[in-house]
1. May I ask you to verify whether A212 is at pLDDT below 60 and touching a Ser or Thr at 6+ places or on another chain (Cβ under 8 Å)?
2. Of all residues being part of a strand (DSSP E or B) and either out of contact with any helix residue (DSSP H, G or I) (no Cβ under 7 Å at 6 or more places or on another chain) or hydroxyl-bearing (S, T, Y) (or both) in the range 122-151, which is nearest to D2 (Cα to Cα)? Just the residue, please.
3. Do we find that V147 is modelled with pLDDT of 95 or more and either of a type in the set (A, V, I, L, M) or not assigned by TED's automatic domain parsing to the domain that holds D60 (or both) in this structure?
4. How many of the residues in the range 147-167 are without any contact (Cβ under 8 Å) to a residue 40 or more places away in the chain and either farther than 22 Å from A105 by Cα or not acidic (D, E) (or both)?
5. Out of everything in the range 304-358 that is under 16 Å from D392 (Cβ atoms), among the basic types (K, R) and at pLDDT below 90, what residue ends up being nearest to the chain's Cα centre (by Cα)?
6. List every residue pair whose Cβ atoms lie under 6 Å apart, where the two residues are 6 or more positions apart in sequence or sit on different chains, the first residue falls within the range 331-350 and is within 17 Å of L295 (Cα to Cα), and the second residue, located anywhere, is surrounded by fewer than 18 Cβ atoms within 10 Å (Cβ to Cβ).
7. Among the residues of the range 289-303 satisfying the criterion of being of a type in the set (G, A, S) and over 27 Å from the mean Cα position of the chain (by Cα), which is modelled with the highest pLDDT?
8. Being polar (S, T, N, Q) and over 20 Å from D318 (Cβ atoms) is the filter; apply it to the range 43-93 and report the residue that is modelled with the lowest pLDDT.
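The values are calculated or read from the model by the stated rules, or taken from the named source; none is laboratory data. All of these numbers come straight from a predicted model, not from anything done at the bench. Note that each Cβ is placed from the backbone with ideal geometry, even for glycine, and that neighbours are counted across all protein chains shown.
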Amino acid sequence: MDRCIVLVDAGYLLGAAASLLAGEPSRSRITVDHTALIQALRERAESETERPLLRIYWFDGAPDRVPQPEHRRLRVMPRVTVRLGALTRSDGRWAQKGVDAAMHAELTELARNRACSDVVLVTGDGDLLPGMMAAKEHGVAVHLWAVQAADGDYNQSEDLVAEADERRVLDRAWITQAVRAKELTGVCAPPPAPRPEIAAILSAPLPESALAAAAERPADQGAPPPAAATGNGTQERAAAKGVPTPKDLAALRAPGAQAVQHPATATLRWSSDKGWVDRPGVVAEPPEIASMPTLAQLTTAEQRWADREEDITTVGGDPYEVGQVFARRWISRLGDQGHLQKLSQMYPRVPHRIDGELLRYAARFGLLAHKDDQIDEHDRYAIRAGFWREIDVPAAAESATGE
């Protein structure tokens, strides 16, 4: 068949690009526009081979072979197929397992079935040499592409280079069409880009009880100094405050509400992606909040199927987006919209039953740090900020209508 196919070893392509642009092979040091990258690969492959593209195969590793957000975006693009191997951690470093074997199997199968006349390989691993030789024996022209090496030397197996029919180098100018190095301060990776919605949650005022506890904390614990009272009687925390804990958020009051004394034995069942955790001595949720229906309770079998279809085809997996999608579904299926007004008074704390369901939903998109299977702290706040963004809109509209 007079068509070309591109097989991409993502670990090689993006790792070599990171070395070239950022000085080290860590993919966390670069940002990738996957749409632009796929388009550039397609255009160059069709130009180099003078054949129309059949398909781009994207081979990458993922912890437990669970698609990460970037894989979810890639696999719904036209003419793109994602193949995932395992990603394991050894001696403090991540290593791909099974990616080379999957590329070898795909290459030989395509050649044997005469699915294409030309195949482009973006890889540097010599383990693919037998597959390359088998493809050539079946009459397929093999084009080997390399990423420009940061040190001016080869970053590919010399045997691969010698066996390829054609070889091209993707230079810095080509790479930077879709890949950029992150700007770093010092030697640490930069923090995620701030979102105003997340900043609003993190800056929510702590209750007086939490401030008093901070003031009583010994100085050697590194606690921030107690806040000073302002002219209107409210409290302001020091600028160097820490992230509010579940206990802090549980004790927040609605604006203008009277302080309520709670027994010291009150318990909050704080939710997470791993289930419920009882926190003694924390304020319990009001009954009208604790009894709010979950999304699962509001969802029919038909809606569940439609939700899964949307998750697979259109939801990219960005933490903020995940929170928005969950909230939109929950709002649209609520019979009593008065729940929104009650919920808005809980800001920034999400009721524990809904919060746990939200985090478990987010875990489907690979939003796990894979350290004890916990969702990254920043991602958790981004998920909840997306949830609140959708809750605020209808709640505000309903409040305006009531006036």
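1. Numbers: at pLDDT below 60: yes; touching a Ser or Thr at 6+ places or on another chain (Cβ under 8 Å): no.
Considered against the rule, which asks whether it is at pLDDT below 60 and touching a Ser or Thr at 6+ places or on another chain (Cβ under 8 Å), A212 comes out as no.
2. Applying the first criterion (part of a strand (DSSP E or B)) to the range 122-151 yields 122, 141-147.
Next, only the ones that are either out of contact with any helix residue (DSSP H, G or I) (no Cβ under 7 Å at 6 or more places or on another chain) or hydroxyl-bearing (S, T, Y) (or both) stay: 141, 145-146.
Working: A141: 11, W145: 20, A146: 24 Å.
Among them, the one singled out is A141.
3. Values: modelled with pLDDT of 95 or more: no; either of a type in the set (A, V, I, L, M) or not assigned by TED's automatic domain parsing to the domain that holds D60 (or both): yes.
Criteria not met by V147.
4. We begin by selecting, within the range 147-167, every residue without any contact (Cβ under 8 Å) to a residue 40 or more places away in the chain; these are 151-154, 156-163, 165, 167.
Filter again for either farther than 22 Å from A105 by Cα or not acidic (D, E) (or both), leaving 151-154, 156-157, 160-162, 167.
Number of matching residues: 10.
5. Checking each candidate, the answer is R349.
6. R333/L298; K342/E288
7. So the first thing to find is which residues in the range 289-303 are of a type in the set (G, A, S), and the list is 290-291, 296, 301.
From the residues that got through so far, the ones that are over 27 Å from the mean Cα position of the chain (by Cα) too are 290-291, 301.
On the way: A290: 79, S291: 81, A301: 89.
Here the answer is A301.
8. Filtering the range 43-93 for residues polar (S, T, N, Q) gives 47, 49, 68, 81, 88, 90.
Okay, now just the ones that are also over 20 Å from D318 (Cβ atoms), so 47, 49, 81, 88, 90.
Details: S47: 96, T49: 95, T81: 95, T88: 79, S90: 71.
Among those residues, the one meeting the criterion is S90.
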